[in-house]
Amino acid sequence: MTNSTSTSKRRIQRILVLLFWLTVWQLAAMAIGQDLFLVSPIEVIKILFHHVQMISFWSTVAYSFVRIISGFFLAIITGVLLAVISATNSIVRAILEPFFSVIKSIPVASFIILVLIWAGSSSLSVVISFLMVLPILYTNVLQGVLHTDRKLLEMAKVFHIPFRKKLGAIYVPETLPYFSTGCKLGIGLCWKSGIAAEVIGLPTGSIGEQLYQAKIFLSTGELFSWTFVIIIISFSFERFFFWFLGHVERRLLSDTIYG
Amino acid sequence: MVEIKNLVKKFDDKRVIDDLSVVLKEGRITTVMGTSGCGKTTLAMMLLGLLHPDGGTIKGLEGKRLSAVFQEDRLVENLSAVANIKMVLDEEVDLEVILRQLAEVELGGELIRKPTGQLSGGQKRRVAIVRAMMANSDFICLDEPFKGLDVETKEKVMAYVKRKIEGKTVLFITHDIDEQRYFGGDFIGAIPGPVCEIFPF
């Protein structure tokens, strides 16, 4: 069987599975018969269709997207920098270890309340998604750098290979899989924690605020449609990010950097 | 000249190298032979600055440029043969020059464009050898460099290496007495323990 045939077969299978669950959902909603408890997928699509025609919908999506993704990218930059410093300096590593252990074990709700007091609600989702992603990126990249092939590093030492070449040819390829795994875990978490922060902090014009409104008015349709929006944004961003990362990876791992 | 004096290396309580004193003469090849696990590679690692001795001194390598064919190939496997060689070169070298050297060890065509991870054991070995020969160096360490090469290729590669190391200070580790005879030079027999005798072949 060719690759393209098996890919299209998998795609059809996936669509059929999706249709199966949508049908189950629709039948369940019809059986219950009350939108308050379980809204039907058709109703959710109607609400979504209504939303996308409004400018306020797009500004709400943009508000949350920019903040949560900013936190994610800030965490990537900080996590990578701290991991590189820690990998080269055991004292820094020892100092940072308890800090990251504490961040990892503190419940996200405690952080949200604390940041709300310190920084207010407008930058809440930036700080929360940053704090949730940072330990993951730091730990993963640090593991990657520390697990770099010792024999290759010895070879580089003997031949006096300059740091720039060593970075591109040895460290980056060895660390990239760890970095990718960290990003994969981080992307899901930044959306979950960022939106949770908005629901508690209620920054004006955010997706979290819309979810809160849905709770106040017991509007299950609104809740489902906004949840669907979050899933779509998170999924699309993840696909785009890993497409871009794959592109960078291929460029870095190719010979082109050596002419 | 590289002067090794009363060199000691211990792993846990075992003395792998015990009070070794030997001189590697300038511009000559010195061959080390001995049974497996007797400390040949340990000696090479100390000369390359990758292991610290527990006692004794190594003089004459301070500030010198080093090169090596390690027991393992130690290639960056996602890079091609050419990129692996370019990594160790100080200055820009024409691609043609690198290709000529690779051709001398029977590497050419599509092979040199592939990531080295996709090459066979013998092909990787030859890339590692060309890399060591092309690196600008004053002292070369060859740790069983022809391991895994078939007889016909080995002859060509040995001839290439002999040409390239001429006039350089070389430590050559091997199990094969024919290889030692081919390269000539000085000979160190007994490690561990004090070297009993060093004699020109």
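The values are calculated or read from the model by the stated rules, or taken from the named source; none is laboratory data. Nothing here was measured: the structure is a model prediction, and the numbers come from that model. Neighbour counts run over all protein chains shown; Cβ positions are idealised from the backbone, glycine included.
Exactly one residue out of B:Gly167, B:Gly148 is assigned to a loop (DSSP other than H, G, I, E, B) and surrounded by fewer than 14 Cβ atoms within 10 Å (Cβ to Cβ): that is B:Gly167. In region B:136-143 there is no residue matching the filter, namely being assigned to a helix (DSSP H, G or I), touching a Leu at 6+ places or on another chain (Cβ under 7 Å) and crowded, with 23+ Cβ neighbours inside 10 Å. Of all the numbered requirements in (1) touching a residue at least 40 places away in the same chain (Cβ under 8 Å); (2) farther than 21 Å from B:Ser80 by Cα, B:Glu155 misses one, and that requirement is (1). Among the residues of region B:68-99, just one is surrounded by 23 or more Cβ atoms within 10 Å (Cβ to Cβ), under 11 Å from B:Val130 (Cα atoms) and at the interface with chain A (Cβ under 8 Å from one of its Cβ atoms), namely B:Ala68. From B:Met1, B:Met46, grab the single residue that is within 14 Å of chain A (Cβ to nearest Cβ), over 22 Å from B:Glu179 (Cβ atoms) and of a type in the set (A, V, I, L, M, F, W, C). Step by step, each of B:Met1, B:Met46 is checked, and only B:Met46 is within 14 Å of chain A (Cβ to nearest Cβ), over 22 Å from B:Glu179 (Cβ atoms) and of a type in the set (A, V, I, L, M, F, W, C). Remark: pairs (first residue in region A:14-36, at pLDDT 90 or above; second residue basic (Lys, Arg) and surrounded by 10 or more Cβ atoms within 10 Å (Cβ to Cβ); Cβ separation under 6 Å; 6+ apart in sequence or on different chains) are absent.
So which helices (runs of 4 or more DSSP H) stay within region A:140-259 end to end and still have 2 or more residues that are modelled with pLDDT of 90 or more? Before the answer, list the steps.
Numbers: elements: A:150-158, A:163-166, A:172-201, A:207-216, A:220-253.
Result: A:150-158, A:172-201, A:207-216, A:220-253.
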